[in-house]
Amino acid sequence: MSGAFEIRGGKRLSGEITPQGAKNEALQILCAVLLTEDEVRINNIPDIKDVNKLIEILQDFNVKVIKNGKGDYTFKADEVNFDYIKSKEFKKDGAKLRGSVMILGPMLARFGEAYLPTPGGDKIGRRRLDTHFQGFVELGAEFSYDEEEAFYSLRAKELNGKFILLEEASVTGTANIVMAAVLAKGKTRIYNAACEPYLQQLCKMLNRMGANISGIGSNLLTIEGVDKLHGTEHTMLPDMVEIGSWIGLAAMTKSEITIKNVNWNQLGVIPNTFRKLGIELEQRGDDIYIPSQENYKVQKFIDGSILTVSDAPWPGFTPDLLSIILVVATQAKGSVLIHQKMFESRLFFVDKLIDMGAQIILCDPHRATVIGMNQETPLRGTTMISPDIRAGNALLIAALSAEGKSVIQNIEQIDRGYENIDERLRAIGADIRRI
Ligand SMILES: CC(=O)N[C@H]1[C@@H](OP(=O)(O)OP(=O)(O)OC[C@H]2O[C@@H](n3ccc(=O)[nH]c3=O)[C@H](O)[C@@H]2O)O[C@H](CO)[C@@H](O)[C@@H]1O
Ligand SMILES: C=C(OP(=O)(O)O)C(=O)O
């Protein structure tokens, strides 16, 4: 696959678009197949780089993988090659994506040992793993870190349930600790647990495999350990970050778009956050219909002060959609303060939007004020480099709305999380090609 997109912007798009299966759910669910020697069949797996890399890693662990059809796979981890976890290859491959971190919990629970190179993922600021290891240590594991090799090790003769108060509601951290605790002895309670839909999906799947987890959807999970888990089937939710991105795309390009099968009940505050920017959207059955809008006007707070959109752990607004909100705000009527609280390097891509003519003041690494142009002056096409997965998609949306030609380089970052994005955008009328 080549490394850039060429886009001719300024066209209205129209039609239907179906979101892919959720990337971040897939990364959790795929790691969970390591918890049983039985078959686990998973549907709606997105065909994206990060997920395919994790499937390859599972194969390297000698997990049997059968592709039944598009997005439909069966996994069987009955003869796991545990030695691979200490190999040079795993040190290299495990470091390529963030999701590999969730191999730790299942391995520790099933084999009493686990190792991990510092995982990859977006370079969006510091991404510490302390919460993960705090949880494992509280369950009885010994932890060490080889600074020179940036390699984490865990060992446990047995894991014992406990009350664990997490210092932060880490998404992958909670998933990891849950996957260790399901096979621990006795009762574990995890307080300040992350509770986003993908984690709920993981817990529900584990329960279908024979685990005993209650409190799903809340920030207090109670897990009664069991001796063994068995096989199951699971279907991934649609990707909420993609859904939010298509809402933003429709608004920026004044397009009439229907987003199909969005699982509305799991979208939390996402639809209303876009509505606060003045974007009209309608729930139609389980679809979202966005009419073509000539402009959209940002709401103010009740006291008349400027709207702030900030991220927070679920059920707050996901940090993964703030780049999209920011780009959409550039063409709104009114001003918005974007406050990215979790990550410190996720807003730097605004310099590219400023090059395109957007009115943005980067106040500090966490905050940017956007003064919307009310669709009166379009952005100008330019050449840019995608710095991270979500900023990459935000720039793509900017380019689709902009006048003239844009080139986005380093699109591996976009392919990491969005399936066949160019083809799907062409299907609704976008002028985009891979070069
Ligand atoms: C593979 C995967 O699923 N990646 C997602 C996962 O990453 P990941 O699980 O790595 O992110 P965490 O939830 O651990 O935390 C993200 C960042 O927010 C900070 N933090 C977290 C919780 C909190 O209450 N306060 C706080 O400041 C952390 O220190 C960290 O810097 O969740 C992130 C937060 O939704 C998303 O951006 C990532 O797309
Ligand atoms: C930050 C993200 O991904 P990762 O955690 O895989 O780097 C993301 O999905 O927005």
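The values are calculated or read from the model by the stated rules, or taken from the named source; none is laboratory data. Quantities reported herein were computed from a predicted structural model and do not represent experimental measurements. As a convention, Cβ positions derive from the backbone with ideal geometry for all residues, glycine included, and neighbour counts pool all protein chains shown. In case anyone asks, the SASA skips ligands and DNA or RNA and just uses the protein heavy atoms, side chains included. Shrake-Rupley method; radii C 1.70, N 1.55, O 1.52, S 1.80 Å.
In segment 47-73, the qualifying residues are those that are in a strand (DSSP E or B) and without any contact (Cβ under 8 Å) to a residue 24 or more places away in the chain, and the one that is nearest to Pro238 (Cα to Cα) is Gly69. Summed over segment 373-414, residues that are buried (at least 16 other Cβ atoms within 10 Å of the Cβ) and hydroxyl-bearing (Ser, Thr, Tyr) total 4. So, in segment 311-353, how many residues would count as being of a type in the set (A, V, I, L, M, F, W, C) and within 16 Å of ligand 2 (Cβ to nearest atom)? Total meeting the criteria: 15. Assessment of segment 174-185 against the conditions (assigned to a loop (DSSP other than H, G, I, E, B), within 16 Å of ligand 1 (Cβ to nearest atom) and modelled with pLDDT of 95 or more) yields no matching residue. Of the residues making up segment 74-113, those that are closer than 15 Å to Val40 by Cβ, open to solvent by less than 10 Å² (accessible area, probe 1.4 Å) and away from ligand 2 (no atom under 15 Å from the Cβ) are Phe75, Ala77, Pro106. All of Gly120, Gly71 fail the test of being within 16 Å of Asn24 (Cα to Cα), more than 16 Å from ligand 2 (Cβ to nearest atom) and buried (at least 18 other Cβ atoms within 10 Å of the Cβ), apart from Gly71. Checking each residue in segment 319-340 for being open to solvent by 10 Å² or more (accessible area, probe 1.4 Å) and farther than 20 Å from Thr377 by Cα picks out Pro319, Asp320, Leu337, His339.
Considering segment 123-133, the residues that are buried (at least 19 other Cβ atoms within 10 Å of the Cβ) and in a helix (DSSP H, G or I) include one that is farthest from ligand 2 (Cβ to nearest atom), namely Phe133.
Residue-level analysis places Asp50 among those that are within 16 Å of ligand 2 (Cβ to nearest atom), under 22 Å from the mean Cα position of the chain (by Cα) and among the acidic types (Asp, Glu). Taking the listed residues Ala114, Ala95, the one that is on the phi < 0 side of the Ramachandran plot and at pLDDT 95 or above is Ala114, with no other qualifying. Note on segment 390-435: residues that are within 14 Å of ligand 2 (Cβ to nearest atom), of a type in the set (Asp, Glu) and without any contact (Cβ under 8 Å) to a residue 24 or more places away in the chain amount to 0. Of all the numbered requirements in (1) open to solvent by less than 10 Å² (accessible area, probe 1.4 Å); (2) closer than 20 Å to Ser245 by Cα; (3) within 16 Å of ligand 1 (Cβ to nearest atom), Leu54 misses one, and that requirement is (2).
Residues that are over 30 Å from Arg12 (Cα atoms), out of contact with any Lys or Arg (no Cβ under 7 Å at 6 or more places or on another chain) and touching a residue at least 60 places away in the same chain (Cβ under 8 Å) do not occur anywhere in segment 253-267.
When segment 166-189 is filtered for residues that are open to solvent by 50 Å² or more (accessible area, probe 1.4 Å) and within 13 Å of Gln28 (Cβ to Cβ), only Val171 remains.
Of all residues in segment 163-193, those being of a type in the set (Gly, Ala, Ser) and within 17 Å of Glu224 (Cβ to Cβ) number 5. Remark: Asn192 matches the filter, which requires a residue to be at positive phi, under 22 Å from the mean Cα position of the chain (by Cα), in contact (Cβ under 8 Å) with a residue 24 or more places away in the chain and surrounded by fewer than 23 Cβ atoms within 10 Å (Cβ to Cβ).
Inspect segment 222-231 for any residue being assigned by TED's automatic domain parsing to the domain that holds Leu30, crowded, with 18+ Cβ neighbours inside 10 Å and among the hydroxyl-bearing types (Ser, Thr, Tyr) and give the result as yes or no. Checked against the condition, which is being assigned by TED's automatic domain parsing to the domain that holds Leu30, crowded, with 18+ Cβ neighbours inside 10 Å and among the hydroxyl-bearing types (Ser, Thr, Tyr), segment 222-231 yields at least one hit.
Residues in segment 223-260 that are in a loop (DSSP other than H, G, I, E, B), β-branched (Val, Ile, Thr) and within 20 Å of Pro291 (Cα to Cα): Thr253 only.
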